[in-house]
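Just below is one structure, and these are the notes that go with it.
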Amino acid sequence: MKCLVVSDSHGDRDVLVRLFDEYRGQVDAFFHCGDSELPHDDPLFEEMFVVQGNMDFDTALADEVNPTIDGVSVYMTHGHLVGVNMGLAHLLANATAQHAVLAFFGHTHQLGVERHGGVLVLNPGSITYPRGEFARIGGTYAIVTTTSAGIDVQYYDRQMQAVPELKFHFAD
């Protein structure tokens, strides 16, 4: 399974359109981890799993989703409701309860990926307003690929260029 994960676009619909145009037909699923600031009925969301962030005021957006794509279970939430600023314990508990292999979240605007037991936890960073160590990149998203050999994660910048130092492999 190959998916694109983006978050915290904060009204920058154009960057989402560019991602769709570039990756449509190349990934199995698109995930937006919240704070899009777009309405739930935006046509972009017809092809994307999306959750409500703390800056999304459209209550028709879900707080969390748990789809299975090509046999891979994913848990996604924005992060504010599970206290990611204080740690990942609540996020991991929810992902584990949903039998998820992948857990995606946003909110902090800081990219990060780590594995806890059988769950890969990923924040794609903010595509529009990045923070933290990698803010200098100017916005990021991630491509996550699962295979029988493990899980590969590659982060990209807003110009859709791979960031070489942000490539990770997690063996099964």
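The values are calculated or read from the model by the stated rules, or taken from the named source; none is laboratory data. Keep in mind the model is a prediction, meaning the values are calculated, not measured. Using ideal geometry, Cβ is built from the backbone for each residue, glycine included, and neighbour counts are taken over all protein chains shown.
Residue by residue through segment 135-152, note down the ones that are over 19 Å from His78 (Cα atoms), without any contact (Cβ under 8 Å) to a residue 60 or more places away in the chain and of a type outside the set (A, V, I, L, M, F, W, C).
Arg136, Gly138, Thr147, Ser148, Gly150, Asp152
Yes or no, residue by residue, for (1) at pLDDT 95 or above; (2) polar (S, T, N, Q); (3) more than 14 Å from the chain's Cα centre (by Cα); (4) buried (at least 18 other Cβ atoms within 10 Å of the Cβ):
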position: Val51; (1), (2), (3), (4): yes, no, no, yes
position: Leu61; (1), (2), (3), (4): yes, no, yes, yes
position: Gly71; (1), (2), (3), (4): yes, no, yes, no
position: Met76; (1), (2), (3), (4): yes, no, no, yes
position: Gly79; (1), (2), (3), (4): yes, no, no, yes
position: Ala93; (1), (2), (3), (4): yes, no, yes, no
position: His99; (1), (2), (3), (4): yes, no, yes, no
position: Phe105; (1), (2), (3), (4): yes, no, no, yes
position: Ile127; (1), (2), (3), (4): yes, no, no, yes
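Could you count how many residues in segment 28-50 are part of a loop (DSSP other than H, G, I, E, B) and either free of Cβ contacts under 8 Å to residues at least 24 places away in the same chain or touching a strand residue (DSSP E or B) at 6+ places or on another chain (Cβ under 7 Å) (or both)?
Of the residues in that region, 7 qualify.
Take segment 12-27 and flag every residue that is part of a loop (DSSP other than H, G, I, E, B) and either touching a Leu at 6+ places or on another chain (Cβ under 7 Å) or loosely packed, with under 14 Cβ neighbours inside 10 Å (or both).
Selection gives Arg24, Gly25, Gln26, Val27.
Could you check segment 149-168 and list, in sequence order, the residues that are out of contact with any helix residue (DSSP H, G or I) (no Cβ under 9 Å at 6 or more places or on another chain), β-branched (Val, Ile, Thr) and closer than 14 Å to Gly125 by Cβ?
Scanning segment 149-168 gives a single hit, Val153.
Tell me which residues, restricted to segment 16-27, are among the β-branched types (Val, Ile, Thr) and either over 22 Å from Thr145 (Cα atoms) or touching a strand residue (DSSP E or B) at 6+ places or on another chain (Cβ under 8 Å) (or both).
If the condition is that a residue be among the β-branched types (Val, Ile, Thr) and either over 22 Å from Thr145 (Cα atoms) or touching a strand residue (DSSP E or B) at 6+ places or on another chain (Cβ under 8 Å) (or both), then Val27 is the only one that fits.
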